[in-house]
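Reviewing the structure listed below.
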Amino acid sequence: IFVIDPLANFNKFFEGDRDVFSIIWEYGDEMGLDPIALSREGGINLGDVTDFLVELYQIPGKLRGIMANYIEKSKNLADLMVNIRNDLERSSKEKLMNRNLEDLEAYLLNMTTNPDKTIYSGETPTDLLRKRTIILGLKTDDNRHKRLASTLLILLAWAQINKLPRDMKKVIIIDEAHLLLIYPSIARI
């Protein structure tokens, strides 16, 4: 059982329970939740991850195809940024301006600055499956941070569940899901 809790209430209820693995991330903590890497590991459609990032960073629709192309050929977010920068550098040397790629990089720079940077950076929790119940909680009053981190925690839970035997019963509980489901890209994830 995975519980995604944007308010860390479940973490409090099960504090000290030996059968529960509980993590609480506070605002600014490194979480290691890379959406590209998690989607590749957990079988979530990269198109849905692209739509989520396009919506989150308010990337214009005309850049979605370019973004999808770079996500398809990247292993993770760092790789995505390197691929974009390399292509920009190459086009600069060849005296070719690629205004769309420059614009895309400008939008994505928000991923490399706080507070988003801390959600994406750090070590991804990998030893979650040592208990039957895993509670992933957040302590933040920032609604945007909650939305981003909660969505990526869903991807983390999905990636972990996909490591378990197919015949094993599995559940993901999303507390306060109504706060997330109003966004079409998150609802698809």
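The values are calculated or read from the model by the stated rules, or taken from the named source; none is laboratory data. Here the structure is a predicted model, which means the values were calculated and not measured. Cβ sites come from the backbone with ideal geometry, for glycine too, and all protein chains shown count toward neighbours. The accessibility values were calculated without ligands, DNA or RNA, using every heavy atom of the protein model including side chains. Shrake-Rupley method; radii C 1.70, N 1.55, O 1.52, S 1.80 Å.
Brief remarks follow.
- Within the range 139-189, the set of residues being among the polar types (S, T, N, Q) and closer than 27 Å to residue 113 by Cβ comprises 140, 143, 150, 151, 185.
- Any hit, the range 64-83, residues being loosely packed, with under 13 Cβ neighbours inside 10 Å, on the phi < 0 side of the Ramachandran plot and touching a strand residue (DSSP E or B) at 6+ places or on another chain (Cβ under 7 Å): no
- Failed condition for residue 91, given (1) touching a Ser or Thr at 6+ places or on another chain (Cβ under 6 Å); (2) at pLDDT below 90: (1)
- So residue 129, is it open to solvent by 60 Å² or more (accessible area, probe 1.4 Å) and over 20 Å from residue 10 (Cβ atoms): no
- Within the range 84-107, being surrounded by 10 or more Cβ atoms within 10 Å (Cβ to Cβ) and basic (Lys, Arg) holds for 85, 90.
- Extreme residue, least open to solvent (accessible area, probe 1.4 Å), among residues of the range 18-38 that are small (Gly, Ala, Ser) and either part of a helix (DSSP H, G or I) or in contact with a Phe, Trp or Tyr (Cβ under 7 Å, 6 or more places away or on another chain) (or both): 37
- Residue list for the range 106-143, restricted to those being without any contact (Cβ under 8 Å) to a residue 24 or more places away in the chain and under 23 Å from residue 68 (Cα atoms): 106, 109, 113, 117
- Selection of the range 158-169 for residues being touching a residue at least 12 places away in the same chain (Cβ under 8 Å) and either on the phi > 0 side of the Ramachandran plot or open to solvent by 90 Å² or more (accessible area, probe 1.4 Å) (or both) yields 158, 163.
- Top-ranked residue of the range 170-189 - restricted to ones that are at pLDDT 90 or above and closer than 19 Å to residue 44 by Cα, ranked as surrounded by the fewest Cβ atoms within 10 Å (Cβ to Cβ): 171
- Among the conditions (1) within 21 Å of residue 73 (Cα to Cα); (2) of a type outside the set (Asp, Glu); (3) open to solvent by less than 50 Å² (accessible area, probe 1.4 Å), residue 119 misses just one, which is (1).
- Where a residue in the range 1-16 is at pLDDT below 90 and its partner, wherever it lies, is open to solvent by 80 Å² or more (accessible area, probe 1.4 Å), with Cβ under 8 Å and at least six apart: none
- Residue that is surrounded by the most Cβ atoms within 10 Å (Cβ to Cβ), among those in the range 134-157 that are touching a strand residue (DSSP E or B) at 6+ places or on another chain (Cβ under 9 Å) and farther than 21 Å from residue 54 by Cα: 136
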